[in-house]
1. Over the Cα atoms of the chain, how large are the radius of gyration and the largest Cα-Cα distance (Dmax), in Å?
2. Which one, 115, 34, 77, is farthest towards the positive end of the dipole of the chain when Lys and Arg carry +1 and Asp and Glu -1 on their Cβ?
3. Based on Cα coordinates alone, diagonalise the gyration tensor for region 1-80, multiply each eigenvalue by 5, take square roots, and list the semi-axes in whole Å, largest first.
4. On the accessible surface of region 2-128, probed at 1.4 Å, how many percent belong to carbon and sulfur atoms?
5. For 57, 147, 130, give me the order by solvent-accessible area with a 1.4 Å probe, most accessible first, ignoring ligands, DNA and RNA.
6. Once you charge only the Cβ atoms, +1 for Lys and Arg and -1 for Asp and Glu, what is the size of the charge dipole of region 40-127 about its Cα centre, to the nearest 20 debye?
7. What's the magnitude of the charge dipole for the chain around its Cα centre, counting Lys and Arg as +1 and Asp and Glu as -1 at the beta-carbon? Answer in Debye, nearest 20.
8. When a/c is below 1.5 the answer is rounded, else prolate if a/b is larger than b/c, else oblate, so apply that to region 95-148 with a ≥ b ≥ c taken from the square roots of the Cα gyration tensor eigenvalues.
Amino acid sequence: SPERPRPLHNPDLDIIKPFGVTDNVLADYSSFPSDTTALLLALVTGIWLASRPLGVVAFLWAMAFGAIPRIYAGFHYPSDILGGMVIGIPSTLVVAWSPAGTLLSKVAFEIRRRHRGLFYAAAFILSYQVAMIFEEIRRIGTALFKVF
C-alpha cells in the first residue's frame with residue numbers, strides 16, 4: 001500500500017507521545033494496514049475455528065490489549081486497525097478452508113508423528129517469528145528488494 005505516516009509522526013495531530021517512545025520509532029514503516037492487528041486477528045480466527053467461546057474471548061483480548069492501545073499510542077489510525085482486520089481474518093479462513101490448508105495440516109501432523117524433534121524445533125522457530133512479526137524475514141526481503 002502507499003506510504004502513510006503514523007499518527008504520532010503527523011505534526012498536525014499534536015499527539016503526546018507515550019513514555020519511552022522516541023521520535024523515530026516506526027518511522028520507516030507505513031501505518032496502513034496494521035500488521036500487528038492482521039497477525040493478531042489471524043491467530044484469533046484460528047482459535048475461533050477451534051472453539052467459538054474461546055475465540056470470542058481471544059477477540060476481545062486482541063482488541064483490548066492489541067489493537068486499541070496502538071490507536072491510543074499513536075501508532076495507528078482506526079482505519080489501519082480495520083485494514084489489518086480485513087487482511088487477518090479472511091487470510092486464516094481461506095487457508096483453513098482450502099485444500100492447501102488441509103494438505104498442510106496433514107503434512108505437519110505426519111512430520112510431528114515421524115520426527116518429533118524436528119517438528120518442535122521448527123514450531124519454536126515459527127512461534128518466535130510470529131512473536132517478532134517476522135521482522136528478520138522482512139528485513140531480508142527488503143534488502144533483497146533493494147538489490148534487485
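1. 17.9, 58
2. About the Cα centre, the residue reaching furthest to the positive side is 115.
3. On the way: eigenvalues 156, 35, 16 Å².
Values for region 1-80, descending: 28, 13, 9 Å.
4. Numbers: 6170 of 8510 Å².
So the carbon and sulfur contribution to the accessible surface is 72 percent.
5. Details: 57 90, 147 110, 130 35 Å².
The most accessible residue leads, giving 147, 57, 130.
6. Numbers: 7 positive and 2 negative charges, 88 e Å.
Using only the charged Cβ atoms, the result is roughly 420 debye.
7. Here the size comes out at about 780 debye.
8. On the way: a/c = 2.60, a/b = 1.67, b/c = 1.55.
Because a/c hits 1.5 or more and a/b exceeds b/c, region 95-148 counts as prolate.
The values are calculated or read from the model by the stated rules, or taken from the named source; none is laboratory data. Keep in mind that what you see is a predicted model, and the values were worked out from it rather than measured. Here the Cβ is made from the backbone with ideal geometry for all residues, glycine too, and neighbour counts use every protein chain on show. Just the protein is used for accessible areas: all its heavy atoms, side chains included, with ligands, DNA and RNA removed. Shrake-Rupley method; radii C 1.70, N 1.55, O 1.52, S 1.80 Å.
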